[in-house]
1. Among what's in the stretch 189-247 and is of a type in the set (Asp, Glu) and out of contact with any Pro (no Cβ under 8 Å at 6 or more places or on another chain), pick the residue that is surrounded by the most Cβ atoms within 10 Å (Cβ to Cβ).
2. Residues of the stretch 177-186 being loosely packed, with under 14 Cβ neighbours inside 10 Å and in contact (Cβ under 8 Å) with a residue 40 or more places away in the chain, which ones?
3. Residue check, PRO12 against (1) without any contact (Cβ under 8 Å) to a residue 40 or more places away in the chain; (2) in contact with a strand residue (DSSP E or B) (Cβ under 7 Å, 6 or more places away or on another chain), all met but one. Which one?
4. Being touching a strand residue (DSSP E or B) at 6+ places or on another chain (Cβ under 9 Å), assigned to a loop (DSSP other than H, G, I, E, B) and not hydrophobic (A, V, I, L, M, F, W, C) is the filter here, so list the residues in the stretch 35-66 that pass it.
5. Looking only at the stretch 252-284, count every residue that is surrounded by 20 or more Cβ atoms within 10 Å (Cβ to Cβ) and at pLDDT 95 or above and tell me the total.
6. Tell me which residues, restricted to the stretch 98-121, are on the phi > 0 side of the Ramachandran plot and either modelled with pLDDT of 95 or more or in a helix (DSSP H, G or I) (or both).
7. Quick check, is GLY136 at positive phi and either hydroxyl-bearing (Ser, Thr, Tyr) or at pLDDT 95 or above (or both)?
8. Please find, among ALA214, ALA225, the residue that is at pLDDT 95 or above and either at negative phi or touching a Lys or Arg at 6+ places or on another chain (Cβ under 8 Å) (or both).
Amino acid sequence: MSIAALYDVPAPAKLNLFLHVTGRRADGYHLLQSVFVLIDWCDTLHFERRSDGRLQRHDLGPALPADDLSLRAARALQQASGTALGADISVMKRVPWGAGLGGGSSDAASVLLALNRLWGLHWPRDRLQAIAITLGADVPFFVGGHNAFVEGIGEQLHPLPAGALPRQCYAVVKPEPAIATTAIFGSPLLVRDTEPAIVMSFLADTQLAARLSAGFGRNDLQAPAEASCPDVTQVARWLEARFGNSRMSGSGSAVFARIGTDVQAADQPAATNRLESLPVGWIGRMCRSLAQHPLVDWTG
């Protein structure tokens, strides 16, 4: 049975629990190691099938760029599959852009997963991944569907073992300025030679859950981000003062603080109140990690 429409399709954000830059390829791309964790701060997308082949995006919230990643993802899948179908794609944008939370990449991944179903393609995940990596380094993670140790330029995914990361609560705050990723990676302050972890040893570590929950590693992009955007430093200090820890996600400008597991956070009812008095221009939310992507089963 063909599907005419898909509504309320989620596109969750992510946090980088740490982000190490371990080298640089000959083509200029940086080699990374990170743990990506899905959180419940989501954009929402709606899809209606078109028979005329046209692809149109409708902004239900803030206006997006004319040719954003969601449209580029739809066009790439349409061209790769050869389908004559199109779609109306409506986007309710909630995850702030320029934040290091992967909002645009997540939208693109949800477009690939949803149109794969709407158009009746039934492609397997690895076939969608081949398109995802052409769209951006974070898109394969969201198509992959699981919290993961990520390396390479973002295309090498190693799902975290069961129990490696219990459900966590985070305070996530973004200051008003956004940060251009290209500027951070081009900064002379960027450390590019962090000692890489051995993947199998890292994932097999019996203390992995404790280490990740305690704030393993660092974000190598944070120093250059703070140098170019003092607001990142202000947010980090603001969170430190209230929760005792902070770390920037991705290339910023969003910063998060670990609150604890769901059970531990339940013992801190005042935590939510601490985000009710954010400075003007800041956006903040109490978030919970997701065990897996809501669309993890949406492949052929």
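The values are calculated or read from the model by the stated rules, or taken from the named source; none is laboratory data. All values reported here derive from a predicted model rather than from experimental measurement. Don't worry about glycine lacking a Cβ; one is built from the backbone with ideal geometry, like all the others, and counts go over all protein chains shown.
1. The qualifying residue surrounded by the most Cβ atoms within 10 Å (Cβ to Cβ) is ASP220.
2. Within the stretch 177-186, ALA180, ALA183 meet the criteria.
3. It fails just one condition, (1).
4. Of everything in the stretch 35-66, those that are touching a strand residue (DSSP E or B) at 6+ places or on another chain (Cβ under 9 Å), assigned to a loop (DSSP other than H, G, I, E, B) and not hydrophobic (A, V, I, L, M, F, W, C) turn out to be SER51, ASP52, GLY53, ARG54, GLY61.
5. 7
6. If the condition is that a residue be on the phi > 0 side of the Ramachandran plot and either modelled with pLDDT of 95 or more or in a helix (DSSP H, G or I) (or both), then GLY100, GLY102, GLY120 are the ones that fit.
7. Spelling it out, it is not the case that GLY136 is at positive phi and either hydroxyl-bearing (Ser, Thr, Tyr) or at pLDDT 95 or above (or both).
8. Of the residues listed, the single one that is at pLDDT 95 or above and either at negative phi or touching a Lys or Arg at 6+ places or on another chain (Cβ under 8 Å) (or both) is ALA225.
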